[in-house]
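Participant: Mind looking over this structure? Questions follow.
The values are calculated or read from the model by the stated rules, or taken from the named source; none is laboratory data. All values derive from a computational prediction rather than experimental measurement. Methodologically, a virtual Cβ is constructed for each residue, glycine included, from the backbone with ideal geometry; neighbour enumeration extends over all protein chains shown.
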Amino acid sequence: MAEYTGKDLVVSFVNPAGTLTLGTDYRSLSASPSIGLVDASAGSDADKTYLTTQKDGKYSWSGVAQTGGTALEDQLLEGTQGTLIIGREGTTSGKRKETVPVISMGGQFNYPYDGIVEISCEFQKNGARTFSAY
């Protein structure tokens, strides 16, 4: 079995303000793909059946806010459109690369009184995601 850990994750948010590297100080990244369903069941059906409609999805990222600068916060403003590029196992040749257009739902900060400041952001899928290799 070829297990791997998240330590090699590479993730970038390419947007009109530039390329924001989110993989450096990340804590987690999760992808939640989904698809719409239409109930196609009728009168005498013993079981429900469905038709699939449009694909959808959300991406959730969290990381450590290392400095008080504004670049990270400014590029994650709610409504910012761009592209997430995700390399789950790094950028070694042949490793899987996911590219997906998204809309930032806005950076959210957590300021614990006794800990490091964390930032998180939800991204709404905004078009077709593609898979390729580095």
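Participant: Output the number of the condition that residue 65 fails; it satisfies all remaining conditions of (1) surrounded by fewer than 10 Cβ atoms within 10 Å (Cβ to Cβ); (2) closer than 18 Å to residue 117 by Cβ; (3) not polar (S, T, N, Q).
Facilitator: (1)
Participant: Next question. Where in the stretch 81-134 are there strands (runs of 3 or more DSSP E), lying wholly inside it, with at least 1 residues that are buried (at least 16 other Cβ atoms within 10 Å of the Cβ) and among the hydrophobic types (A, V, I, L, M, F, W, C)? Break it down stepwise before answering.
Facilitator: Working: elements: 81-87, 96-110, 118-125, 130-133.
Once the strands (runs of 3 or more DSSP E) in the stretch 81-134 are filtered for at least 1 residues that are buried (at least 16 other Cβ atoms within 10 Å of the Cβ) and among the hydrophobic types (A, V, I, L, M, F, W, C), what remains is 81-87, 96-110, 118-125.
Participant: Sort out which residues of the stretch 63-80 are farther than 15 Å from residue 124 by Cβ, among the polar types (S, T, N, Q) and assigned to a loop (DSSP other than H, G, I, E, B), and write them in order of number.
Facilitator: So in the stretch 63-80, the residues farther than 15 Å from residue 124 by Cβ come out as 63-75.
Applying the additional criterion that residues be among the polar types (S, T, N, Q) yields 66-67, 70, 75.
The answer is 66, 67, 70.
Participant: Which residues, counting only those in the stretch 84-106, are under 13 Å from the mean Cα position of the chain (by Cα) and of a type in the set (Asp, Glu)?
Facilitator: Matches in the stretch 84-106: 98 only.
Participant: Condition check: in contact (Cβ under 8 Å) with a residue 24 or more places away in the chain and on the phi > 0 side of the Ramachandran plot. Does residue 90 satisfy that? Even if it seems obvious, please write down each step before you answer.
Facilitator: Values: in contact (Cβ under 8 Å) with a residue 24 or more places away in the chain: yes; on the phi > 0 side of the Ramachandran plot: yes.
For residue 90, the condition - in contact (Cβ under 8 Å) with a residue 24 or more places away in the chain and on the phi > 0 side of the Ramachandran plot - is met.
Participant: Given the condition of a type in the set (Phe, Trp, Tyr) and part of a strand (DSSP E or B), answer yes or no: does some residue in the stretch 6-15 qualify?
Facilitator: Just the residues of the stretch 6-15 that are of a type in the set (Phe, Trp, Tyr), to begin with: 13.
Checking the rest, the ones that are also part of a strand (DSSP E or B) come to 13.
Yes, the conditions are met somewhere in the stretch 6-15.
Participant: Can you name every residue in the stretch 113-133 that is in contact with a strand residue (DSSP E or B) (Cβ under 8 Å, 6 or more places away or on another chain) and hydroxyl-bearing (Ser, Thr, Tyr)? Give the steps one after another, and end with the answer.
Facilitator: To start, the set of residues in the stretch 113-133 that are in contact with a strand residue (DSSP E or B) (Cβ under 8 Å, 6 or more places away or on another chain) comprises 116-133.
Residues satisfying the conditions are 120, 130, 132.
Participant: How many residues are within 22 Å of residue 33 (Cα to Cα) and among the β-branched types (Val, Ile, Thr) when one looks only at the stretch 76-134?
Facilitator: Matching residues across the stretch 76-134 total 9.
Participant: Also, quick follow-up: May I ask you to say which residue of 7, 48 is of a type in the set (Lys, Arg) and at pLDDT below 90?
Facilitator: Answer to the check: 7.
Participant: Residues of the stretch 71-126 being within 16 Å of residue 20 (Cβ to Cβ) and in contact with a Pro (Cβ under 6 Å, 6 or more places away or on another chain), which ones?
Facilitator: Scanning the stretch 71-126 gives a single hit, 83.
To keep it simple, each residue is scored yes or no on (1) outside any strand (DSSP E or B); (2) more than 16 Å from the chain's Cα centre (by Cα).
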{"position": "31", "(1), (2)": "no, no"}
{"position": "34", "(1), (2)": "no, no"}
{"position": "38", "(1), (2)": "no, yes"}
{"position": "41", "(1), (2)": "yes, yes"}
{"position": "44", "(1), (2)": "yes, yes"}
{"position": "48", "(1), (2)": "yes, yes"}
{"position": "53", "(1), (2)": "no, yes"}
{"position": "56", "(1), (2)": "no, no"}
{"position": "61", "(1), (2)": "no, no"}
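Participant: With the requirement that a residue be crowded, with 16+ Cβ neighbours inside 10 Å and of a type in the set (S, T, N, Q), what does the stretch 10-51 give you?
Facilitator: Within the stretch 10-51, 12, 15 qualify.
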